[in-house]
Each structure stands twice: as C-alpha cells, then as structure tokens.
1. Rounded to the nearest 10 Å², what accessible area does Thr137 have for a 1.4 Å probe in the complete protein model?
2. Please compute the modelled spin-label separation between Gln281 and Ala5, points set 7 Å along Cα→Cβ, answer in nm with one decimal.
3. Cys285: accessible area at probe 1.4 Å, nearest 10 Å²?
4. As a test of reading the structure, rank Arg104, Arg240, Arg282, Arg185 by solvent-accessible area (1.4 Å probe, protein chains only), most first.
5. Which whole-number percent is the relative contact order of the range 171-286 (Cα, under 8 Å, 6+ apart)?
6. Based on the Cβ-Cβ distance from Glu274 to His134, what FRET efficiency comes out when R0 is 45 Å, to the nearest 0.05?
7. Going by the alpha-carbon gyration tensor, a ≥ b ≥ c the square roots of its eigenvalues, is the range 15-110 rounded (a/c under 1.5) or, if a/c is not under 1.5, prolate (a/b greater than b/c) versus oblate?
8. Cα axis of helix 148-164 to longest principal axis of the chain: angle in degrees, 0 to 90, nearest 10?
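The values are calculated or read from the model by the stated rules, or taken from the named source; none is laboratory data. Worth saying up front: this structure is predicted, and the values here are computed from it rather than measured. Note: ideal-geometry Cβ built from the backbone for every residue, glycine included; neighbour counts use all protein chains shown. Note: areas computed on protein heavy atoms with side chains; ligands, DNA, RNA excluded. Shrake-Rupley method; radii C 1.70, N 1.55, O 1.52, S 1.80 Å.
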Amino acid sequence: MVKMAGGTAVFIPLRPKGNPLFSGNWQLDPSELEDKVTARTKAIVVNSPNNPLGKVFKREELKVISDLCVKHNLFCFSDEVYEWLVYDGSKHVRIASLPGMWDRSITIGSAGKSFSATGWKVGWALGPDHLLKHLRTVHQNSVYHCATAAQEAVSYMFKRELSLFGTPDSYFVQLPQELKQKRNRLAQCLTEVGMEPIIPEGSYYMMADISRFKASVPPSKDADEPFDHHFVKWMMKHKRLAAIPVSAFYSTPHKKMFEHFIRFCFVKENKTLEAAEEILQRWSCQQPTSP
C-alpha cells in the first residue's frame, strides 16, 4: 500500500535480547531506528500488541519511538487491534497518550479482535480531526461504509462493556483469561513435540522455533524456498496440522533471518485445540528419544 501511494517502506525487525522464548525480550534497536529516519521520512507504523510475535511494547520502548516522531515531526500509525488481549500482568499503552503524540497519531482498533467478531470487518480509528478528515476521504472512496447492522451491534457491545468495565463480567476481562489457558495448553504441546514456543505477552498468536526439524524433514526440491514455507507444507501434508510461515511477514532482506519460525493461532474452539493436541501427542511419540 505504501508503494501504491508512491512511498518507500523501510523495515526494521525486532530482534531477541536474552531469552528468545519470551516475546518481551524481542526488542527494537533504538540506534537502528534513528539511523533509518531521514529528511524524507513521513511516518512510523507501530503494532502493539504485535502480530505475529505477541510482544507488548512497554512505555519506555514506545517513548523511544514517540521522541523520534516529535523530534522529526513524523506521523504515527498505531495498530492496536489486540489491545485487550494481554497476559501475565502486561499493560497495553497507547502511543498517542505519550507527550506530543495525540496530534500526530492515528490509532486503529478492531471489533473483530476486541469482541471476537472477525467476519464483521468493523473497526475504528482514533485521532485528531485534522488527520481523520483525510482518512474519512479515503474510506468514503474505497470501502464507502460497513454493514449498518454490524456497526449497531458493535455499538451495543461497547455500551455493555462500559457498564461492566473492570468487573469480572466484562468481556475484556474474561477473554484474555480464557485465551491465556489456551496459550499455555498449546505451548506445552509444542514443547513436547520438540518445537520451542515463544510465549506471547499479547494477541492470540504464538511463534515457535522449528530449527531442530531441519535434520528430520526432507529438504525442499526448490533450493530457494524458505525452510518455514517448506516445513508448514510438509506438516499440513504429513501431520494434518496448519501454521503460517513467519518469514511471510518479513521484507525480502530480512526473510532469511526468521525462516526457522512458524506461527500458530490459539483463538480456537476447544475441540479444535483438542484435535491439534492429539496430533502433536502422536507426533511426540514418534520422535526419537535422546540417548
């Protein structure tokens, strides 16, 4: 989309510092970020909680980004659709709430993620009118509008949540509690089969390191195919289990660095997770034991 608008997208990956199996230890390099900012830079795009990693950016990490935005007069597009899906005491912080950021930020939210209604395709954008008026123009001439019934249903959901906010009956409280159990269940199964899951602080995805399978999975006939692409196709065919190759999320220069990871989704019905668990348990029994 940036290319179609005549712009140039500049990508900066998160890299692990310390234990890579915890999403919070994957960090943005402040020096690398600042080095990428030039006189032609117009905006920074941020995603927290992050897909596919599940990282929740801490306030001090966001401040590094916001300070650059203020210093260089940049806009910020903040994708926060997983804002209510955070675990283990992690706190979601809106970058627009930091000093100097409201007037330069557009924050994106989603009913699909917040209320588990992904098929409705209803979301929202928060920000100052001098930015949103341009977004409304684009929206009107592309999507035009969403289904009225879905919008009305979402407004009802918000009204209900406002009355229950912070209480045990709030969906925003119940959903992360339910998903945390599913997250832990999936992580245990992946560990038993020999993968190394990265425990997410937020969202409903889990990345897993599949490096140890390079020796046991027959190589791809295409020498240029990333290992994660080959592995997920092999896994679907031979194990009847589906995942997403993580290198698909990366720009061409960075794909090779992350082709030993795949992404699972754990926002599934229990019967689906049980079926995956059975597959992984059978797979685990087939693994050779260590001497």
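1. 80 Å²
2. For the pair Ala5/Gln281, the computed spacing is 4.9 nm.
3. Counting only protein heavy atoms, the figure is 120 Å².
4. On the way: Arg104 40, Arg240 175, Arg282 135, Arg185 70 Å².
The most accessible residue leads, giving Arg240, Arg282, Arg185, Arg104.
5. Details: 141 pairs, mean separation 35.6, N = 116.
RCO, the range 171-286: 31 percent.
6. Details: r = 47 Å, r/R0 = 1.06.
Result of the calculation: an efficiency of 0.40.
7. Values: a/c = 2.07, a/b = 1.31, b/c = 1.58.
The shape class here is oblate.
8. Approximately 90 degrees, to the nearest 10.
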